[in-house]
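Let me begin by presenting the structure, written as structure tokens, before commenting on it.
The values are calculated or read from the model by the stated rules, or taken from the named source; none is laboratory data. Note that the structure is predicted; figures quoted are calculated from it, not measured. We place every Cβ from the backbone using ideal geometry, glycine too, and count neighbours over all the protein chains shown.
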Amino acid sequence: MNLMNRKNMQLLSGNHAVSWAARLCRPDVAPLYPITPQTPILEKITEFHAEGLMKTELLTPESEHSAMAACISASLTGARVFTATSSQGLLLQHELLHYATGARAAIVMCNVNRTPASPWGFWPDQLDSLSQRDTGWVQFYSESPQESLDSVIMAFAIAESVGVPTMVCHDAFYVSHSMEPVEIPDQAMVDDFLPKFDPARKLDTAVGASFGAPLDQNTWRRSRMDLAESLAAVTDETIRVGEAWGKLTGRSYGPLERYRCDDAEMVIVTMGSMCGTVRDAVDTMRENGKRVGLLKVRQFRPLPASMLRDALAGVPVVMVLDRNYSPGTGGILHQELKAVLSGMADGPKVHGLLAGIGGANVSSETIDRWVRDYQNAEPKPESQWVE
């Protein structure tokens, strides 16, 4: 079947797929500020808006900090809110990301993963969003334009259900500017899947509630406990929403994706666009008799700890590929996975490789070589630089 002959298929980049998702979700307000390589998201939304195809209050403030301030303000009035940024823009928003979580603002943001300065660069690296892992935002990592479109729609359902802001991240250029046939869902189907947002808590003159008021110590602590309770519900909600979306589209998503892991002697764990390369490498290695699998981490925050333990129980060796470097720590996914697996009676040996940092190319052949190098090696506590 030629997918391009289907009326709801278009050749889209990852960024334009996100713009289409935003249009389908009908946000009431969309504050956006351009930054490479996120800018095509704003440009396409602006085009939709100018043509009358997207009825949203489109705001273009003077900075990413102001854009997030506008997102929070709009969300607290009960508006559905979408925004997008990248790299330095996300870092500029850091203060307000904490505020958005504490205010329980159900904002959805797409972050295009890009190297943080300095030195200056424009290439894929996940440190910008991983640096925000303690802000309380739910984080999803997408592998492809189709997954980015689907993930933004599902992110609204999750954020508005649990009352926690959510970001969908995809890699600069490898996803943001790469093009593939993308199935665009029917507007009526999305409207039915994502009903109009009407939160129970919002600014209302008839109620007289306020947001952001100073609290005593114990009340502030209780606010963190309430947040923890909501975040604890995210994994089950991700599963529920992913299954519901799968029934409508044939594309189901969960917090994790296992690929050819059932009898694997080594499982490669990674996130984002590198999953596609690893999947190809796994297929080639399987053809050559090597029992290797892929564990794709889609939901990084909150980290689905029990699911990770179940997925890797009985696996002899794990190799984590991190497209990030946390100075003084190493690969973030490597360190977090080791913590999750600590104490398992049948836990695997865990190797951490700093792979593709700054957007450096990682080929299927290179992954095959790393598997040969680390299959029988003793793991080190530090993440290893590899080429």
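Condition test on Gly314, is it in the same structural domain as His351 (by TED's automatic domain parsing) and either in a helix (DSSP H, G or I) or without any contact (Cβ under 8 Å) to a residue 40 or more places away in the chain (or both)? Working first, answer last.
Numbers: in the same structural domain as His351 (by TED's automatic domain parsing): yes; either in a helix (DSSP H, G or I) or without any contact (Cβ under 8 Å) to a residue 40 or more places away in the chain (or both): yes.
Against the criterion (in the same structural domain as His351 (by TED's automatic domain parsing) and either in a helix (DSSP H, G or I) or without any contact (Cβ under 8 Å) to a residue 40 or more places away in the chain (or both)), Gly314 qualifies.
For every residue, the table says whether it meets (1) surrounded by fewer than 24 Cβ atoms within 10 Å (Cβ to Cβ); (2) under 25 Å from the mean Cα position of the chain (by Cα).
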| position | (1), (2) |
| --- | --- |
| Ser252 | yes, yes |
| Tyr259 | yes, yes |
| Glu265 | yes, no |
| Val269 | no, yes |
| Val282 | no, yes |
| Arg291 | yes, no |
Hits in the range 188-216 - residues which are exposed (fewer than 13 other Cβ atoms within 10 Å of the Cβ), part of a loop (DSSP other than H, G, I, E, B) and not aliphatic (A, V, I, L, M): Pro195, Lys196, Asp198, Asp204, Thr205, Gly208, Ser210, Gly212, Pro214, Asp216
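Could you say whether any residue in the range 228-245 is over 26 Å from Gln139 (Cα atoms) and either surrounded by fewer than 16 Cβ atoms within 10 Å (Cβ to Cβ) or not aromatic (Phe, Trp, Tyr) (or both)? Don't jump to the end; show me each part of the working.
Step one: of the range 228-245, the residues over 26 Å from Gln139 (Cα atoms) are none.
Scanning the range 228-245 turns up no residue that is over 26 Å from Gln139 (Cα atoms) and either surrounded by fewer than 16 Cβ atoms within 10 Å (Cβ to Cβ) or not aromatic (Phe, Trp, Tyr) (or both).
Can you tell which of Glu336, Glu378 is under 28 Å from Ala117 (Cα atoms) and of a type in the set (Asp, Glu)? Don't jump to the end; show me each part of the working.
Working: Glu378 fails: under 28 Å from Ala117 (Cα atoms).
The unique qualifying residue is Glu336.
Step by step: first the residues of the range 275-300, then only those that are in a helix (DSSP H, G or I) and in contact with a strand residue (DSSP E or B) (Cβ under 6 Å, 6 or more places away or on another chain), then the one that is farthest from Trp123 (Cα to Cα). Which residue is that?
If we filter the range 275-300 for residues that are in a helix (DSSP H, G or I), which is where we start, we get 275-287.
Within this subset, residues satisfying the condition of being in contact with a strand residue (DSSP E or B) (Cβ under 6 Å, 6 or more places away or on another chain) are 275, 278-279, 282, 285.
Details: Cys275: 17, Val278: 19, Arg279: 22, Val282: 25, Met285: 28 Å.
Across the range 275-300, the extreme among qualifying residues is Met285.
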Ala74 modelled with pLDDT of 95 or more and in contact with a helix residue (DSSP H, G or I) (Cβ under 9 Å, 6 or more places away or on another chain): no
Count of the range 337-362 residues which are within 20 Å of His170 (Cβ to Cβ), modelled with pLDDT of 95 or more and out of contact with any Phe, Trp or Tyr (no Cβ under 8 Å at 6 or more places or on another chain): 1
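Return the residues of the range 303-335 that are in contact with a Lys or Arg (Cβ under 8 Å, 6 or more places away or on another chain) and of a type in the set (A, V, I, L, M, F, W, C); say none if nothing qualifies.
So the first thing to find is which residues in the range 303-335 are in contact with a Lys or Arg (Cβ under 8 Å, 6 or more places away or on another chain), and the list is 311, 316-318, 332.
Ala311, Val317, Val318, Ile332, listed by residue number.
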Looking only at the range 73-100, and only at residues there that are buried (at least 24 other Cβ atoms within 10 Å of the Cβ) and touching a Leu at 6+ places or on another chain (Cβ under 7 Å), the one that is nearest to Ala213 (Cα to Cα): Thr83
Tally, over the range 84-129, of residues that are without any contact (Cβ under 8 Å) to a residue 60 or more places away in the chain, among the acidic types (Asp, Glu) and within 19 Å of Gly356 (Cβ to Cβ): 1
Residue within the range 5-16 that is of a type in the set (A, V, I, L, M), surrounded by fewer than 20 Cβ atoms within 10 Å (Cβ to Cβ), modelled with pLDDT under 95 and over 19 Å from Ile153 (Cβ atoms) present: no
Candidate set from the range 37-72 (those that are surrounded by fewer than 16 Cβ atoms within 10 Å (Cβ to Cβ) and among the polar types (S, T, N, Q)); member that is farthest from Leu96 (Cα to Cα): Thr60
Criterion: at pLDDT below 95 and over 19 Å from Ile107 (Cβ atoms) - qualifying residue of Ala244, Ala228, Ala206: Ala206
Qualifying positions in the range 331-349 - surrounded by 22 or more Cβ atoms within 10 Å (Cβ to Cβ) and outside any loop (DSSP other than H, G, I, E, B): Ile332, Leu333, His334, Leu337
